[in-house]
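**Q** Please find one structure pasted underneath; my questions will follow.
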Amino acid sequence: MPDYIFVPSEEIAKIFRKNFLNSMPIEVIGSPKKKNYNYKLQQKEKLRVLILPEGFESESIILINFSINLAKKCPDIDFRIRIHPQLYIKENFYNKVIMEQKSQNIKISNDTFLNDVKWSSHAIYRGSTSILEAISFGVFPLYYIRNGELSIDPLFLIKNKKHWVRDISDTIKKFNLWRDMTSMEKLKEIKSYINFCDNLIKPLDIKALKKIIKQ
C-alpha cells in the first residue's frame, strides 16, 4: 500500500477516493503532460490529420495500418504520423511501409510536437495521452476502437462517445460532419473538449509535490 497516490486532477481524485473510501491520502499534483502554454485558440479551416500511436509496437502497427488505409480513401486530406519516442528505432521501417503504399498524402512527421498539433485539425489515437495536449491546441480527437475490444481511451470519462470511430467509413463521416459545421459550431465543439481536459488534467504543481516530499 502506498503512502500517497498522486493524481493529475480533482476529477481523477474523486474516482480514487470513491474506491478507496478515504483509506489513504490522494494528492492532486497535476502532470507534466499539461503545459501552461499561452496559446490563442484559432479555428482551423483545413482538414489535416495527426496520427498519435503509443509506445508499443503492436499498437503502433494497428494505428499506422488504419491511417494508411484511411489516407488511400481520402486523397484530399494530409496525414502525419507522429512516432512515439520509444519507437524511433523503428522509424525507417515505418517509413518503408508507407513508401510501399505509394500514398503521397501521408508521411512520418519529423517536426516538433508543438508544430504538429498547430498544423492539424484532427488527431486519431488509441491509448496515447498525447491527445490531452493536442486538444489544448484546438485539435479534434478521434478515438479508434475496434469491435470486440475493451476501451483504452484516455478520455474514458466522456459519456457520449461522439469522438469514437470504429472503421474507415465511420471516420469519413466524422470528417464530413466537421466540414459541414460552421466556424462557430466548430469552436463550440472543441471548447467542450478543452474544458473537459482542463478538468481532467492540471499542470504539474511543483510546490505541492515538494511539500509532500518534505513531509
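The values are calculated or read from the model by the stated rules, or taken from the named source; none is laboratory data. Since this is a predicted model, take the numbers as computed values, not measurements. Positions of Cβ are backbone-derived with ideal geometry, glycine not excepted, and every protein chain shown enters the neighbour counts. Quick note on the areas: whole protein, heavy atoms, side chains included, nothing else; ligands and nucleic acids left out. Shrake-Rupley method; radii C 1.70, N 1.55, O 1.52, S 1.80 Å.
**Q** Using 21 Å as the Cα-Cα cut-off, could you pick out the over-long pairs in K35/K207; K14/K191; K18/K191; K73/K107?
**A** Values: K35/K207 16 Å; K14/K191 23 Å; K18/K191 28 Å; K73/K107 15 Å.
Checking Cα-Cα distances, K14/K191; K18/K191 exceed 21 Å.
**Q** Per residue, how many Å² of accessible area does the chain show with a 1.4 Å probe?
**A** On the way: 12370 Å² over 215 residues.
Result: 58 Å² per residue.
**Q** Could you please state how large a percent of the accessible area of the range 101-215 is carbon and sulfur, counting protein chains only and using a 1.4 Å probe?
**A** Numbers: 3360 of 6230 Å².
Solvent-exposed carbon and sulfur of the range 101-215 make up 54 percent of the total.
**Q** Using +1 at the Cβ of each Lys and Arg and -1 at the Cβ of each Asp and Glu in the range 139-215, identify which of M181, P141, L157 lies farthest towards the dipole's positive end.
**A** L157
**Q** Hey, another quick one. Show that you can apply the helix-only estimate: for the chain, add -39,500 (n - 2.57) for every DSSP H stretch of four or more residues, divide by all residues, and state [θ] at 222 nm to the nearest 500.
**A** About -13000 deg cm²/dmol.
**Q** Candidates [x] 54; [y] 59; [z] 65; which is the computed percent of Cα pairs over 22 Å apart?
**A** [x]
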